[in-house]
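Asks: Sharing a structure, written as structure tokens. Questions coming.
The values are calculated or read from the model by the stated rules, or taken from the named source; none is laboratory data. The structure presented is a predicted model; accordingly, all values stated were derived computationally and were not measured. Backbone-built Cβ (ideal geometry, glycine too); neighbour counts: all protein chains shown.
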Ligand SMILES: Nc1ncnc2c1ncn2[C@@H]1O[C@H](COP(=O)(O)OP(=O)(O)O)[C@@H](O)[C@H]1O
Ligand SMILES: [Mg+2]
């Protein structure tokens, strides 16, 4: 239990936790505007990872419709990440058009959108499998170019390894979180977005186009999803078209832990779960997948509204 | 300026307003009075496109607005201060007012109008940084009216601006309404407080269970026996 041990776990926990936070924020944004969870978010996460992979590596795998095909170009990782994220944002927009808008226009029960988003998720995942095959895709080790794989710090007697990819994860996530917080808190459009979230009718009486903001929210949400999918994919590989499902569930645990609909809650929840996983003793590592839910269970016993959630009177 | 022709409005199978026809001319204050549940709010919500008419046409400055979305109508110069205040409780007073000017981008003009609203309602200036949800009922009503003014509307729809206010504050609000009108703003005023509304308005419509049952010059209507009995007690 040395300082080095502590710092190492802190580095591991913060880097993965910050990605959980970004991913979870995608759920939170849609939830705070529509009051519904978008179950296709995990599928967009997966799609983003695959798209970025193809853009960065320039070729498809050995199975699926696109097997063996190559792109005429390969993008540097940073560009591929950006392009993959933007395409995921568009996928988010498509999800809105397919699963949410038709029901909203008919004034249907919000719960129905939950089901239709689950349907779109299944379609997306199957489409990915159809196009990319069911095999594992691993980003090549040189995907980050000539950067060294890790920086080793000497702390007292011990060593702390900061993998370059961890720095990328944490850096990109932090940048996004700060950018998003600034946008929502201080810009005119951010304030308008909060108005739409609080009361769509009132917002529209102020000249704010509710439909446009809902679309924008799905775009940002998809962008966050695709980006976090890529970041996790680069760290751990893409274990197949269903790889977003487990992370999707984990991100749901994150937002409930942090407080449903709370943006700071999603960030805190992500970091807490990332750190809890990192600090899990090695001999308990087979329980790692259960950590988020165990934590969730304990927190909800004490604070049913989650860490930073408001009392349940607002949106359900 | 605003014209409704045979507008029928319904919630699901239940008709709330039957073939309403009414007109607001440039420069007027027109009031729409009627008991609770008569359909006043429903009519205003139809004008600002929050609900779609079953039949009939709504035109604003000669333009058919029946097919527009609510935000487009605001851009045409029509502001709606909704019933029950509806301030954005989670945002500051200043942000509420600035969002009132959402459709505008003339920074200098917006600042000027912010000063104008603070001039009308000095209480709001003192509380500019406070969350709107922490204001008193009367202050929230002032904020809602001020916010509607921030888009520089040519036509202002006001839904029960005096509801739940102390009489002295209500009087102040009616005074401000009359002043705004003198400065050239056209106003459609919905009220249960028929006394004050009839005194402030030029013309009036009386709505009863979804039907317009009387209309005319406000002073003349106020003298009408039937209207007196029903609304002016
Ligand atoms: N959202 C709604 N759903 C169903 N019926 C409604 C709704 N809003 C109003 N109504 C009904 O429509 C009628 C008119 O209501 P409203 O326009 O609010 O009256 P007013 O503003 O004159 O008090 C009432 O009978 C009311 O019960
Ligand atoms: Mg009403």
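Asks: Might you check whether a residue that is in contact (Cβ under 8 Å) with a residue 40 or more places away in the chain, away from ligand 2 (no atom under 16 Å from the Cβ) and within 25 Å of residue A:194 (Cβ to Cβ) occurs anywhere in the range B:63-74?
Replies: Looking through the range B:63-74, at least one residue is in contact (Cβ under 8 Å) with a residue 40 or more places away in the chain, away from ligand 2 (no atom under 16 Å from the Cβ) and within 25 Å of residue A:194 (Cβ to Cβ).
Asks: Does residue A:51 fit the bill of being free of Cβ contacts under 8 Å to residues at least 12 places away in the same chain and over 23 Å from residue A:211 (Cβ atoms)? Break it down into steps so the answer makes sense when it comes.
Replies: Details: free of Cβ contacts under 8 Å to residues at least 12 places away in the same chain: no; over 23 Å from residue A:211 (Cβ atoms): yes.
So residue A:51 does not fit the description; no.
Asks: Mind listing whichever residues of the range B:20-30 are away from ligand 1 (no atom under 15 Å from the Cβ), in a strand (DSSP E or B) and in contact (Cβ under 8 Å) with a residue 40 or more places away in the chain? Don't jump to the end; show me each part of the working.
Replies: In the first step, residues of the range B:20-30 are kept if they are away from ligand 1 (no atom under 15 Å from the Cβ); the result is B:21, B:23-30.
Checking the rest, the ones that are also in a strand (DSSP E or B) come to B:21, B:23-24, B:29-30.
The answer is B:21, B:24, B:29, B:30.
Asks: In the set B:62, B:77, which member is more than 16 Å from ligand 1 (Cβ to nearest atom), under 22 Å from residue B:202 (Cα atoms) and within 14 Å of chain A (Cβ to nearest Cβ)?
Replies: Exactly one of B:62, B:77 is more than 16 Å from ligand 1 (Cβ to nearest atom), under 22 Å from residue B:202 (Cα atoms) and within 14 Å of chain A (Cβ to nearest Cβ), namely B:77.
Asks: Can we say residue B:114 is farther than 26 Å from residue B:173 by Cβ, more than 16 Å from ligand 1 (Cβ to nearest atom) and surrounded by 15 or more Cβ atoms within 10 Å (Cβ to Cβ)?
Replies: Details: farther than 26 Å from residue B:173 by Cβ: no; more than 16 Å from ligand 1 (Cβ to nearest atom): yes; surrounded by 15 or more Cβ atoms within 10 Å (Cβ to Cβ): yes.
Answer is no for this residue.
Asks: In this structure, is residue A:160 closer than 30 Å to residue A:238 by Cα and touching a strand residue (DSSP E or B) at 6+ places or on another chain (Cβ under 8 Å)?
Replies: Working: closer than 30 Å to residue A:238 by Cα: yes; touching a strand residue (DSSP E or B) at 6+ places or on another chain (Cβ under 8 Å): yes.
Here the answer is yes, as residue A:160 does meet what is asked.
Asks: Sticking with this structure for a sec: Answer yes if at least one residue in the range B:81-93 is over 15 Å from residue A:206 (Cα atoms), more than 16 Å from ligand 1 (Cβ to nearest atom) and more than 14 Å from chain A (Cβ to nearest Cβ), and no otherwise.
Replies: Scanning the range B:81-93, I find no residue that is over 15 Å from residue A:206 (Cα atoms), more than 16 Å from ligand 1 (Cβ to nearest atom) and more than 14 Å from chain A (Cβ to nearest Cβ), so the answer is no.
Asks: Here's a check for you: in the range B:10-26, which residue that is under 23 Å from residue B:183 (Cα atoms) and surrounded by 14 or more Cβ atoms within 10 Å (Cβ to Cβ) is farthest from ligand 2 (Cβ to nearest atom)?
Replies: For the range B:10-26, the residue satisfying everything is B:23.
Asks: Condition test on residue B:156, is it over 17 Å from residue B:28 (Cβ atoms) and modelled with pLDDT of 90 or more? Talk me through it step by step, then tell me what you get.
Replies: Working: over 17 Å from residue B:28 (Cβ atoms): no; modelled with pLDDT of 90 or more: yes.
Against the criterion (over 17 Å from residue B:28 (Cβ atoms) and modelled with pLDDT of 90 or more), residue B:156 does not qualify.
Asks: Here is a follow-up. If I filter the range B:161-173 for residues that are within 16 Å of ligand 2 (Cβ to nearest atom) and in contact (Cβ under 8 Å) with a residue 40 or more places away in the chain, do I get at least one hit?
Replies: yes
Asks: Further question on the same structure: Quick one: would you say residue B:40 is within 16 Å of ligand 1 (Cβ to nearest atom), in contact with a helix residue (DSSP H, G or I) (Cβ under 9 Å, 6 or more places away or on another chain) and in the same structural domain as residue B:175 (by TED's automatic domain parsing)?
Replies: Numbers: within 16 Å of ligand 1 (Cβ to nearest atom): yes; in contact with a helix residue (DSSP H, G or I) (Cβ under 9 Å, 6 or more places away or on another chain): no; in the same structural domain as residue B:175 (by TED's automatic domain parsing): yes.
So residue B:40 fails the test.
Asks: Grab the strands (runs of 3 or more DSSP E) fully contained in the range B:147-233, keeping just those with 1 or more residues being over 21 Å from residue B:18 (Cβ atoms) and either within 13 Å of ligand 1 (Cβ to nearest atom) or in contact with a strand residue (DSSP E or B) (Cβ under 7 Å, 6 or more places away or on another chain) (or both).
Replies: Filter on the range B:147-233 gives B:155-159, B:186-191, B:211-217.
Asks: Would you be able to say whether some residue in the range B:65-74 is under 29 Å from residue B:222 (Cβ atoms), within 16 Å of ligand 1 (Cβ to nearest atom) and buried (at least 16 other Cβ atoms within 10 Å of the Cβ)?
Replies: So in the range B:65-74, the residues under 29 Å from residue B:222 (Cβ atoms) come out as none.
Checking the range B:65-74: not a single residue is under 29 Å from residue B:222 (Cβ atoms), within 16 Å of ligand 1 (Cβ to nearest atom) and buried (at least 16 other Cβ atoms within 10 Å of the Cβ).
Asks: Given the criterion in a helix (DSSP H, G or I) and without any contact (Cβ under 8 Å) to a residue 12 or more places away in the chain, identify the matching residue among A:266, A:294, A:276. Spell out how you get there, then give the answer.
Replies: Numbers: A:266 fails: without any contact (Cβ under 8 Å) to a residue 12 or more places away in the chain; A:276 fails: without any contact (Cβ under 8 Å) to a residue 12 or more places away in the chain.
None of the other options fit; the residue is A:294.
Condition check ((1) farther than 28 Å from residue B:97 by Cα; (2) more than 19 Å from the chain's Cα centre (by Cα); (3) assigned by TED's automatic domain parsing to the domain that holds residue B:187; (4) modelled with pLDDT of 95 or more) across all residues:
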site: B:15; (1), (2), (3), (4): yes, yes, yes, no
site: B:20; (1), (2), (3), (4): yes, no, yes, no
site: B:35; (1), (2), (3), (4): yes, no, yes, no
site: B:45; (1), (2), (3), (4): no, no, yes, yes
site: B:51; (1), (2), (3), (4): no, no, yes, no
site: B:55; (1), (2), (3), (4): yes, yes, yes, no
site: B:59; (1), (2), (3), (4): no, no, yes, yes
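Asks: Considering only residues that are more than 13 Å from ligand 2 (Cβ to nearest atom), surrounded by 22 or more Cβ atoms within 10 Å (Cβ to Cβ) and part of a strand (DSSP E or B), which ones fall in the range B:31-57?
Replies: Listed by number, the list holds a single entry, B:31.
Asks: Taking residue A:132 as the residue in question, decide whether it is in contact with a helix residue (DSSP H, G or I) (Cβ under 6 Å, 6 or more places away or on another chain), more than 14 Å from every other protein chain (Cβ to nearest Cβ), at pLDDT below 95 and over 19 Å from residue A:96 (Cα atoms).
Replies: On the way: in contact with a helix residue (DSSP H, G or I) (Cβ under 6 Å, 6 or more places away or on another chain): yes; more than 14 Å from every other protein chain (Cβ to nearest Cβ): yes; at pLDDT below 95: yes; over 19 Å from residue A:96 (Cα atoms): yes.
Criteria met by residue A:132.
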